[in-house]
1. In terms of modelled amide H atoms, which long-range or inter-chain residues lie less than 5 Å from the amide H of B:SER246?
2. Take B:ILE159, B:ILE118, B:ILE130 and order them by how many other Cβ atoms sit within 10 Å, fewest up front.
3. Of B:ALA282, B:ILE196, B:PHE268, which is farthest on the positive side of the dipole of chain B, counting Cα position, with +1 on Lys and Arg Cβ, -1 on Asp and Glu Cβ, and the Cα centre as origin?
4. What lysines could a cross-link reach from B:LYS249, if we take a straight Cα to Cα line under 19 Å and drop same-chain neighbours fewer than 8 places away?
5. Under 4 °C and 1.567 mPa s, how fast does the range A:110-158 diffuse according to Stokes-Einstein, given a Kirkwood radius computed over C-alpha pairs? Answer in µm²/s, whole number.
6. Could you run the Karplus curve 6.51 cos²θ - 1.76 cosθ + 1.60 with θ = phi - 60° over the range A:264-281 and give me ³J(HN,Hα) per residue in whole Hz, x for Gly and Pro?
7. I need the per residue convex hull volume for the range B:156-196, using only the alpha carbons, in cubic angstrom as a whole number.
8. Can you run phi through the Karplus equation (6.51, -1.76, 1.60; θ = phi - 60°) for the range A:62-69 and list ³J(HN,Hα) in whole Hz, with x for Gly and Pro?
Number of protein chains: 2
Amino acid sequence: MFAVTILGNNSAVPAFNRHPTSQVVTMDGTNFLVDCGEGTQIQLINYKIRRNKISHIFISHLHGDHYFGLVGLLNSFSLLSHQQELHLYGPAPLEKIIQLQLEAAATELCYPFHFHPITKAATLVETEKIRIQCFPTNHRIECYGFSFEEKKEPRKLIIEKAKALGIPANYYSRLTNGEDYTNKEGHLIKNEEVTIATMPGKKYAFCADTKYDENLIPYILNADMIYHETTYLDNFLEKAESRFHSTTKQAAKLAKKANVKKLLIGHFSSRYDKLDEFEKEARSIFPNTSLALEGVCFEV
Amino acid sequence: MFAVTILGNNSAVPAFNRHPTSQVVTMDGTNFLVDCGEGTQIQLINYKIRRNKISHIFISHLHGDHYFGLVGLLNSFSLLSHQQELHLYGPAPLEKIIQLQLEAAATELCYPFHFHPITKAATLVETEKIRIQCFPTNHRIECYGFSFEEKKEPRKLIIEKAKALGIPANYYSRLTNGEDYTNKEGHLIKNEEVTIATMPGKKYAFCADTKYDENLIPYILNADMIYHETTYLDNFLEKAESRFHSTTKQAAKLAKKANVKKLLIGHFSSRYDKLDEFEKEARSIFPNTSLALEGVCFEV
């Protein structure tokens, strides 16, 4: 399963039972935590997310509503005797902030902990199956979005057919990578005759906090799903600009220009109790929009 | 009203819907916040505590379950345009921890903020009506308890009687402070004849995290109410000792020795789902014990 579970969708301060930003991206059997606002560890319990499956945490930027729950979570992992390695990615000053708090408590984490500062667009995690990258967004302070991609799986070989057509076994990996085969008699065997297409790798992008910025498009182009903040409704366009945030219609416009398939919106300002207008305004431009409601799991 | 509202009563990690330590002491029209575990700002909303009445915050020690909600609260105060001065008292390293996080967010608090490091038993706040002191407890790291006292009110003058007895007006304040009066004729007028006793000042003490330690007694002697941690039931005595925590029976024994009137117990370990045994064990030694349940307001 490749899915995103929302743990917090409010901006700045907790309000109306909405929590500050946090999401869990589940892919390839792992839970990747994206941002960690205050109370995230409680939300993880509330929504029964397996904390011991979290091996990587990504922090977009150092506004408190995106990371004030982090040190509590790291600390709890230690108290709960978390065993596996934990990799943390975020802006460089985060390391000192954590260190200082662990030192003040005379705490040493009981698990291997690795901090990876992020400073520019980069590939953060790459395995045979997945790729996680970060990209800069346009916010008041240094801020990064994150993209999560499944790599395209190799095509599936129809082995009986390949054998019957006399294709040598040492050529099979070239077939699964999409190549055709020409046999000794000069006869071309098209790839499609001996392999089956698999699913193309899917992609999700979390665009963090940002003002409307088309420079983000290359990083999210053709994604199956993106999350884009909508701190304000459209009539607060000026406020959004001045605070380096976005409105509903700006997020929808960017989703459309980037040709994504689905848009999640969140990071709602505490001035709004009800959220239905957010959905309505965004859908007027990009119909396949959903509110990033807490506890909801969206399949990519 | 002089009362204590419990916001969090669990130790170490959040569990069973119990939150890490935080309490609000309300006296003389002010809310004094004692400890500020993760999620305290949400608990303040849940229990409708007026955040703009919080002018002083006291942090007992720098284990995360006692202060990881602090920087979020300070930040939210700023976002919510808190106006009044805020005084923070806690172990010295707390200042740098907060500073670093404000700097990382390029945030300047919008209200006057004063940090007061605590390093030993001392009077922290003193007005005509109240006195707040801190005292060291016996924990794994530097840790302080806090006592909150109403000062005894001056006795109330029966002015008609004082006039009738010919006591000069410039002597009245000495009367309300308890002195007798001897008139020109050498006749003694006893204080009780011309004044009425008022309530003696009440006292509450929060004993923070601590192992059993009779050195605390002088600071809590005869208090109307104390909070003492009971991380464990009595059969975990050894574990309590080794972790610098206390059991139910130890807390009850100390309350008895210190001749206090009422005991609140909390800081329950996450190993316990149900809490009734805590109450039972403590009451077997000190009958006037209550569980410090979240949301409950205890009048001192």
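Laboratory data are not the source of any read-out in this text; all were calculated from the coordinates shown. Note that the structure is a prediction, hence the values are computed from the model and not measured. Cβ: placed from backbone, ideal geometry, glycine included. Neighbour counts: every protein chain shown.
1. Residues meeting the amide H criterion: B:THR210, B:THR231, B:TYR232.
2. Neighbour counts put them in this order, fewest first: B:ILE159, B:ILE130, B:ILE118.
3. With unit charges placed on the Cβ atoms, the residue in question is B:ILE196.
4. The reachable lysines, counting only those whose Cα sits under 19 Å from B:LYS249, are B:LYS211, B:LYS239, B:LYS257, B:LYS261, B:LYS262, B:LYS274, B:LYS280.
5. The calculation lands on 98 µm²/s.
6. 9, 10, x, 6, 6, 5, 6, 6, 9, 7, 8, 10, 4, 5, 4, 4, 4, 5
7. Details: hull volume 2.3 nm³, N = 41.
Convex hull of Cα atoms, per residue: 56 Å³.
8. Working through the residues one at a time gives 9, 7, x, 5, 10, 8, 5, x Hz.
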